[in-house]
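Pasting a structure below so you can have a look.
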Amino acid sequence: MGNTNNGPEESTDLGAVLRNGREILLQGFNWESHKYDWWRNLERKVPDIAKSGFTSVWLPPASNSFSPEGYLPQNLYSLNSSYGSEQLLKALLQKLKQYKVRPMADIVINHRIGTTKGHGGMYNRYDGIPLAWNEHAVTSCTGGLGNRSTGDNFHGVPNIDHSQHYVRKDIIGWLKWLRSVGFQDFRFDFARGYSAKYVKEYIEGAKPIFSVGEYWDSCNYNGYGLDYNQDSHRQRIVNWIDATGQLSAAFDFTTKGILQEAVKGQFWRLRDPQGKPPGVMGWWPSRAVTFIDNHDTGSTQAHWPFPSNHIMEGYAYILTHPGIPTVFYDHFYDWGNSIHEQIVKLMDIRRRQDIHSRSSVRILESQHNLYSAIIAEKVCMKIGDGSWCPTGREWALATSGHRYAVWQKQ
């Protein structure tokens, strides 16, 4: 899997970053970012992003889109978007390279808005723009003349038929072009929409340094709220990762769903029957990208928000635990200086104590109002309003805040 054409500063091995397991991601936007001259705004923040210790910044979709947020792409090869011009984007990518932070491209290839009417009077042709596909590139379930979808439909728009060889060849060509523009990592949008085997092919073709997929479906709920057991939910995410040839990580929606209930005084949820963390983190931590909120679950969409008065408990959990933690732009830059500093401190401890995606977890307490654990036998933490501290003189308080504390070996 050698990759020697990326310049000397890049790893020549597709799996090196996943094996190393020392990533911390920043989601660098929210649902409203397109209103705020975004590429220029982020460029000013690059020194702080680098200093804080982020290895990668997930950027919003950079291609021309029918909707300003970028998730209804049309001309994939046009990098002029509501986030800014191609020139401003390239200046941002250059700055990130200079500060050794990897830019992550948001890859929206489940669906694509047509330019002209075709079969059935639908806008399912792409005349007049690069990748000038016709109706055969659109799945039959969404009004095209292609094959049936290999995944779930994203309704109301033409879904791309990835089973067509020429479509995949064109997509790989575009992904390689994004790499040449300066994107190093990929985030696959709506990964439920097409078979994971195609994601594998796209990663092998374009060789991003790191990839993560958004495989988001509903957690298991009963009449009283969230089920304690979310094994079937995390199993579906694990199956998706497996089907990418283990080349992609995936967002740990299971952990998010459980953690945001746990912090309301149900910390017993954070230990599964085997005594492990109950999300993807507990089963396949090196592929679990943990997070508290994103542009869909939080921000102004708030489809599934984390309780706002508990977010530091959330970060105290994901930034001390295995997996690959992600910090949301809003929390880091819009919620005030205190939150920013508290998150930086937790990131600092993670780095200094060399906690990584595969670090061991020993859960000590997991009650209604208290969760505590020892990670890698080097860091100890508690969240919740139950009072607790580790026994043993070797532990020194490293940081603490409202309803959380972290200790390290002195």
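In the stretch 221-238, which residue that is open to solvent by 10 Å² or more (accessible area, probe 1.4 Å) and in contact with a Phe, Trp or Tyr (Cβ under 9 Å, 6 or more places away or on another chain) is nearest to residue 327 (Cα to Cα)?
Among those residues, the one meeting the criterion is 238.
Residue by residue, here is whether (1) in a loop (DSSP other than H, G, I, E, B); (2) within 27 Å of residue 200 (Cβ to Cβ); (3) in contact with a His (Cβ under 7 Å, 6 or more places away or on another chain); (4) modelled with pLDDT under 95 holds:
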residue: 87; (1), (2), (3), (4): no, no, no, no
residue: 92; (1), (2), (3), (4): no, no, no, no
residue: 100; (1), (2), (3), (4): yes, no, no, no
residue: 109; (1), (2), (3), (4): yes, yes, no, no
residue: 113; (1), (2), (3), (4): yes, yes, no, no
residue: 129; (1), (2), (3), (4): yes, no, no, no
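Return the residues of the stretch 382-395 that are within 7 Å of residue 407 (Cβ to Cβ) and part of a strand (DSSP E or B); say none if nothing qualifies.
Selection gives 395 alone.
Could you check the stretch 23-43 and list, in sequence order, the residues that are open to solvent by 20 Å² or more (accessible area, probe 1.4 Å) and either within 14 Å of residue 97 (Cα to Cα) or in contact with a strand residue (DSSP E or B) (Cβ under 7 Å, 6 or more places away or on another chain) (or both)?
If the condition is that a residue be open to solvent by 20 Å² or more (accessible area, probe 1.4 Å) and either within 14 Å of residue 97 (Cα to Cα) or in contact with a strand residue (DSSP E or B) (Cβ under 7 Å, 6 or more places away or on another chain) (or both), then 37, 40, 43 are the ones that fit.
Next question. Regarding the stretch 216-231, can at least one residue be identified that is of a type outside the set (A, V, I, L, M, F, W, C), more than 29 Å from residue 261 (Cα to Cα) and in contact (Cβ under 8 Å) with a residue 12 or more places away in the chain?
For the stretch 216-231, residues of a type outside the set (A, V, I, L, M, F, W, C), more than 29 Å from residue 261 (Cα to Cα) and in contact (Cβ under 8 Å) with a residue 12 or more places away in the chain: absent.
So which residues in the stretch 68-125 are among the hydroxyl-bearing types (Ser, Thr, Tyr) and open to solvent by 20 Å² or more (accessible area, probe 1.4 Å)?
Hits for the stretch 68-125 are 71, 77, 78, 81, 82, 85, 99, 115, 116, 123.
Same structure, new question: Restricting to the stretch 265-281, and then to whatever is assigned to a helix (DSSP H, G or I) and open to solvent by 10 Å² or more (accessible area, probe 1.4 Å), can you tell me which residue is farthest from residue 324 (Cα to Cα)? Explain how you work it out, then say what you get.
Taking the stretch 265-281 as the starting set, the residues that turn out to be assigned to a helix (DSSP H, G or I) are 267-270, 280-281.
Still in the running and open to solvent by 10 Å² or more (accessible area, probe 1.4 Å): 268-269.
Working: 268: 23, 269: 21 Å.
That would be 268.
Inside the stretch 131-165, can you point out the residues that are over 27 Å from the mean Cα position of the chain (by Cα) and of a type in the set (D, E, K, R)?
Result: 135, 148.
Separate question: One residue is enough: does the stretch 302-319 have a residue meeting the conditions outside any strand (DSSP E or B) and more than 30 Å from residue 41 (Cα to Cα)?
No - not one qualifying residue is present in the stretch 302-319.
Residues are listed down the side, and each one gets a yes or a no for (1) open to solvent by less than 10 Å² (accessible area, probe 1.4 Å); (2) free of Cβ contacts under 8 Å to residues at least 60 places away in the same chain; (3) within 28 Å of residue 121 (Cα to Cα); (4) in a helix (DSSP H, G or I):
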position	(1), (2), (3), (4)
162	yes, yes, yes, no
169	no, yes, yes, yes
180	no, yes, no, yes
211	yes, yes, no, no
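Starting from the stretch 297-315, keep only residues that are touching a residue at least 60 places away in the same chain (Cβ under 8 Å), then list their pairs with residues that are of a type in the set (Ser, Thr, Tyr) and buried (at least 17 other Cβ atoms within 10 Å of the Cβ) whose Cβ atoms are within a distance under 7 Å, requiring at least 6 positions of separation or different chains.
Short answer, once both residue conditions are applied: 312/404; 313/404.
Restricting to the stretch 147-160, what's the tally of residues that are open to solvent by 20 Å² or more (accessible area, probe 1.4 Å) and either in contact with a Lys or Arg (Cβ under 6 Å, 6 or more places away or on another chain) or part of a helix (DSSP H, G or I) (or both)?
Number satisfying all stated conditions: 2.
Right, another one. Could you say whether any residue in the stretch 132-146 is in contact with a His (Cβ under 9 Å, 6 or more places away or on another chain), touching a residue at least 60 places away in the same chain (Cβ under 8 Å), not aliphatic (A, V, I, L, M) and not in a helix (DSSP H, G or I)?
no
Turning to a different aspect of this structure: Taking the stretch 48-61, which residues are more than 16 Å from the chain's Cα centre (by Cα) and either within 22 Å of residue 35 (Cβ to Cβ) or open to solvent by 20 Å² or more (accessible area, probe 1.4 Å) (or both)?
48, 49, 50, 51
Another one. When you look at residue 189, is it modelled with pLDDT of 95 or more and within 17 Å of residue 65 (Cβ to Cβ), yes or no?
In short, yes.
How many of the residues making up the stretch 326-342 are open to solvent by less than 40 Å² (accessible area, probe 1.4 Å), without any contact (Cβ under 8 Å) to a residue 60 or more places away in the chain and hydrophobic (A, V, I, L, M, F, W, C)?
1
If you scan the stretch 239-249, which residues turn out to be in a helix (DSSP H, G or I) and either touching a strand residue (DSSP E or B) at 6+ places or on another chain (Cβ under 8 Å) or acidic (Asp, Glu) (or both)?
Within the stretch 239-249, 240, 241, 242 meet the criteria.
Let's see how each residue does on (1) under 17 Å from residue 252 (Cβ atoms); (2) hydrophobic (A, V, I, L, M, F, W, C); (3) surrounded by 18 or more Cβ atoms within 10 Å (Cβ to Cβ):
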{"site": "287", "(1), (2), (3)": "yes, no, yes"}
{"site": "302", "(1), (2), (3)": "no, yes, no"}
{"site": "324", "(1), (2), (3)": "yes, yes, yes"}
{"site": "348", "(1), (2), (3)": "no, no, no"}
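The values are calculated or read from the model by the stated rules, or taken from the named source; none is laboratory data. Note that the coordinates shown come from a computational prediction; the quantities given were computed from them, not determined experimentally. For neighbour counting, all protein chains shown are included, and Cβ atoms are generated from backbone atoms with ideal geometry for every residue, glycine included. Accessible surface areas use protein heavy atoms only, side chains included; no ligands, DNA or RNA. Shrake-Rupley method; radii C 1.70, N 1.55, O 1.52, S 1.80 Å.
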